[in-house]
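Readers should treat all values here as calculations from the given coordinates under stated rules, not as data from a laboratory. Treat the numbers as computed from the prediction; the structure is a model and nothing was measured. Heads up, the Cβs are rebuilt from the backbone with ideal geometry, glycines too, and the neighbour counts pull from every protein chain shown.
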Amino acid sequence: MQIVSSHYITSSPDYEKCPIADRPEYAFIGRSNVGKSSLINMLCNSAKLAKTSRTPGKTQLINHFEIENLTGSGKRETWFIVDLPGYGFAKVALSSRRRWEQMIENYLRKRENLVNVFVLIDSRHEPQAIDLAFIDQLGKWNVPFILVFTKSDKETQAVVSKNAKSFLNKIKESWQFLPQHVVTSVIKKTGRDKILQLIGEMNQEFKDK
């Protein structure tokens with residue numbers, strides 16, 4: 001897949017105010033500071049598409065980006081990337097946290113063109129309960145997802161492999177089948193081609209429905 005263009009569309013306070021659901025859509029979510037905006041920018045070859053911040057909880061709305069690409073046959077297709085607020089941030093008011101959680105749940109359960117959720121996991125750490133709980137919730141809601149292990153360049157390959165394996169083993173305790181997963185590095189662009197390949201395949205399935 002060759003990305004031709006990518007640009008910011010709008011930020012919405014709830015799913016009902018999102019753009020018209022007329023094309024496939026892929027949401028990215030994870031704990032705060034997991035590298036979500038940086039990953040989106042890496043996928044689109046744009047350093048400034050999604051705003052990055054060191055401040056947890058900076059993303060507070062449903063942020064839509066329109067992506068255009070060329071397929072292998074040379075055809076152009078467009079789709080949405082959605083940057084969702086992170087979960088697990090501590091330094092926000094309880095009322096704000098609940099509002100964001102409800103906004104995210106409504107979006108994930110009711111957005112009709114949402115094809116897949118990419119759940120970002122920091123590969124530098126051992127399995128975190130909050131990530132596992134969020135994945136279990138997606139399962140209860142029947143929301144399809146793919147795991148993306150981020151920041152693999154910031155630890156040794158042995159540590160990254162160990163943490164990813166431990167996380168998948170934790171999932172095995174309550175899931176019959178393991179989800180797909182991709183290990184990524186924004187610096188080395190590791191995993192970029194794999195994620196874009198998966199999106200290309202899902203775009204085709206969306207069109208074939």
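Worth pointing out:
- Here the extension length gained between GLU68 and LYS172 equals 33.8 nm, from 0.36 nm per residue of separation less the Cα-Cα distance.
- When both bridge partners sit in the chain, DSSP labels roughly 45% of those beta bridges antiparallel.
- When the Cα positions of GLN204, ALA133, ILE3 are compared along the charge dipole of the chain, ALA133 comes out farthest toward the positive end, with charges on each C-beta of Lys, Arg, Asp and Glu.
- Going from the residue with the fewest nearby Cβ atoms within 10 Å to the one with the most, LYS75, LYS17 rank LYS75, LYS17.
- Take the Cβ atoms of LYS140 and ASP208, set R0 to 30 Å, and the FRET efficiency comes out at 0.60.
- Area projected by the alpha carbon convex hull of the stretch 2-208, averaged over all directions, nm²: 11.4 nm²
- Fewest-first sequence of THR150, THR78 by Cβ atoms within 10 Å of each Cβ: THR78, THR150
- Label-to-label distance, LYS188 versus LYS110, with points set 7 angstrom from Cα along the beta-carbon direction: 4.3 nm.
- Gain upon complete extension [LYS162, GLU101; 0.36 nm per residue less C-alpha separation]: 18.9 nm
- For the stretch 7-50, fraction of C-alpha pairs farther apart than 12 Å, in %: 70 percent
- Estimated from the Cβ-Cβ distance and a Förster radius of 22 angstrom, the FRET efficiency linking ARG76 and LYS17 is about 0.20.
- Computed extension gain for SER5 through ALA133, at 0.36 nm per residue and net of the alpha carbon distance, reaches 42.6 nm.
- Ellipsoid semi-axes for the stretch 129-176, based on the Cα gyration tensor and the rule √(5λ), read 23, 12, 8 Å when sorted largest first.
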